[in-house]
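Please treat every number below as a calculation from the coordinates, not as lab data. The shown structure was predicted, so the numbers you read here are calculated from the model rather than taken from an experiment. Cβ coordinates were reconstructed from backbone atoms using ideal geometry, including for glycine residues, and neighbour counts include every protein chain displayed.
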Amino acid sequence: MRNRLAMVAAVLAIGMSLTACTSSDSGTEQTPAPGGATLIIWADTKRADTLKPFAQQWAAKNGVKAEVVGIPQNQQQAFTTAAQAGQGPDVMVGAHDWIGNLVQNGLIDPIQLNPEQMAGYVDVARKAVTYKGQVYGVPYAVESLVLFRNTSLVPAAPKTFDELTAIGADLKAKGKVDEIVGYPVSQQDGQSGDTYHMYPLYTSAGGYLFGADGNGDPDPKDLGPGTPASVKAFQKISEFGEKGKGALKRSFTSDNTTAAFAGGKTAFLVAGPWRLADVRKSGIPYDISPMPGFAGAGAAQSFVGVQSFFVASKGKNKALAQEFVTNTLASAEVAKALFDAEPRTPALKSAIEAASAKDPDVAKFLAAAQNGVPLPAIPQMIAVWGPFNTLIHAVVKGEPVEPAVQAAGKAIAEQLKS
C-alpha cells in the first residue's frame, strides 16, 4: 500500500510540475470554466507538447479548461495506479496492447466513433483498437518491423530470409561486412531473447502464439508454443542460429545491430521506424522493405503496434473526454501535427496521403504494417514474454529444439492457469 501511494504521489508531482511549466510557457492563464471543469490529458513527453495547442483551442471553444501532462516513463503503470486511486486523467495516450489489461481493470471506456470515422483508418489500426467487439481507442500511428538494407551493397531487396542470408554471407566472405544481418535476437541486457523481433521468422515457419476466438481476438485457450507447429518453426530458426548458418546470434541487440548497420558493418538491419533517424544520420544509402520470410514458407508477419487515445472510465469529465477524443484528436490536423513532430506512419488514411507526399518512406512502413498482425492486447500476453524469450536464446545458442519448445509451452500454460 505504501508503494502504491508513493507511486500516486510521484505521478501527481510530475503532473503538477509539468502543468506549472505549461502555464508559464504559454504566458497566459485560462479563466476558470463554469463549474470548474478541467480536462486532464496524459501523454508521453514527446506527444504532450504537440497536443497542448489543440487541447487549449478545444477548451477555449467549449468554455472549459484543459491541461496536458507529460509522463516521462512507465506511462501505463502510472495511469493504472493513479486511476485506481481516483487521481488519474480523463484522456490517456498509449499503445493499443494496453487495452486488454486496462479493460480487465475497468480503467477505460469504449470510444464513441461512428462508422464513417472508423472507415477512415487503415484496417490494421481498426483491428488493433477493437477488443471483444468494441472500440477502445482512437488510433493515430502504426508501426512495425521492416528490413533496412544498404543499397550500395544490395541494390534489390531479397525475396526470402534464405536469400538475405546468402547475400550477407557472401559479403562477409569478401570482407565487405562483418556480420550477415543485423537481427536483434536479445533484449538490451543481452541476457534473454527478444520475442518482438523474432516473431516474423516464427510466423513464417508456421508458428503462432494464440489462435483466434469468435470476436477475432487472441484466444488464450488455443496456445501455440509447445505445439508441433512451434517445434517445426524453431527447428527452422535453429538452422540460422549459432550452430547453423550463423546469421542469428545472441550477442545481437537492437542497439548494437543499429550501430553495425550505421557503421557499414552489415548490409541488413531488422528494426522499426524508431531507428529511421539513426539510419538517416549515418549517411548510409538505404531502402526499406517488408521483413522477408523463409523460402517455401509463409509470409513473415511482424507485430504491429498502434499508438492510441483512450478515455479513462474513472475520469471526472467522461463526456468532455469523449467529445475531445472523437472530434479533435481523431482529426487529420492532429494526425499531421503528430507526424510532423515525429515521423510515425499515421493511422488515418487522409493523413497518410499528406505524410507520404512529404516522406516517401511512409508508404514503405505502411506496407510492412499492413502485412503484420496487431500485438496481442489480451492480458494473458504477459505470460508469454519470459518463457518465449528464454526459448529464443536456447534455440539460437544451438540447444536441442523440441525440449526447449516443450519447456516454454509448459511454462506459459502454467502461468495462464495461475
* Distance between modelled label sites at Asp219 and Ala166, nm, 7 Å Cα→Cβ extension -> 3.9 nm
* To do: Using DSSP, restrict attention to beta bridges with both residues in the chain and report what percent are antiparallel, rounded to the nearest 5.
  => 75 percent
* Asked: If packing is taken as the mean number of other Cβ atoms within 10 Å per residue, what is the order of 112-125, 95-108, highest first?
  -> 95-108, 112-125
* Asked: Mind checking which helices in the chain clear 27 Å along their axis (Cα) and have mean Kyte-Doolittle hydropathy of -1.0 or more, DSSP H runs only?
  -> 2-26
* Label-point separation (nm) for Lys174 and Glu414, each offset 7 Å from Cα along Cα-to-Cβ? -> 5.1 nm
* Asked: Which residues in the stretch 106-127 place their backbone N less than 14 Å from a point set 7 Å from the Cα of Ser350 along the Cα-to-Cβ direction?
  -> 114, 116-122
* Over all distinct Cα pairs, what is the inverse of the mean 1/r for the stretch 80-220, reported as the Kirkwood hydrodynamic radius in Å? -> 19.0 Å
* Structure fact -> Row for the stretch 301-342, column shape: gyration tensor on C-alpha, a ≥ b ≥ c, rounded if a/c < 1.5 i.e. under 1.5, prolate if a/b over b/c, else oblate; value oblate
* Structure fact -> Heads up, the stretch 37-163 by the C-alpha gyration tensor (a ≥ b ≥ c square roots of eigenvalues; a/c under 1.5 rounded, else a/b over b/c prolate, else oblate) looks prolate
* Mind running the shape call on the stretch 307-414? Use the C-alpha gyration tensor, a ≥ b ≥ c as the square roots of the eigenvalues: rounded below 1.5 for a/c, prolate if a/b tops b/c, oblate otherwise. => oblate
* To do: Subtracting the Cα-Cα distance from 0.36 nm times the residue separation, let me have the gained length for Ala259 to Asn105 in nm, one decimal.
  => 51.4 nm
* Along the Cα-to-C-beta direction of Asp359, a point sits 7 Å from the Cα; which residues of the stretch 278-308 have their amide N less than 11 Å from that point? -> 278, 280
* Asked: So between Trp385 and Lys245, what do we pick up on full extension, going 0.36 nm a residue minus the alpha carbon distance?
  -> 47.8 nm
* Asked: Hey, rough spin-label estimate for Lys232 and Gln84, points 7 angstrom out along Cα→Cβ, what's it come to in nanometres?
  -> 4.2 nm
* **Cβ crowding within 10 Å averaged over residues, with 284-292, 265-273, 186-194, 309-317 ranked highest first** => 265-273, 309-317, 284-292, 186-194
* Asked: What 222 nm value per residue comes from the helices of the chain, counting each DSSP H run with n ≥ 4 as -39,500 (n - 2.57) and dividing by all residues, nearest 500 deg cm²/dmol?
  -> -13500 deg cm²/dmol
* Asked: So what's the chain giving for Cα Rg divided by 2.2 N^0.38 Å, two decimals?
  -> 1.04
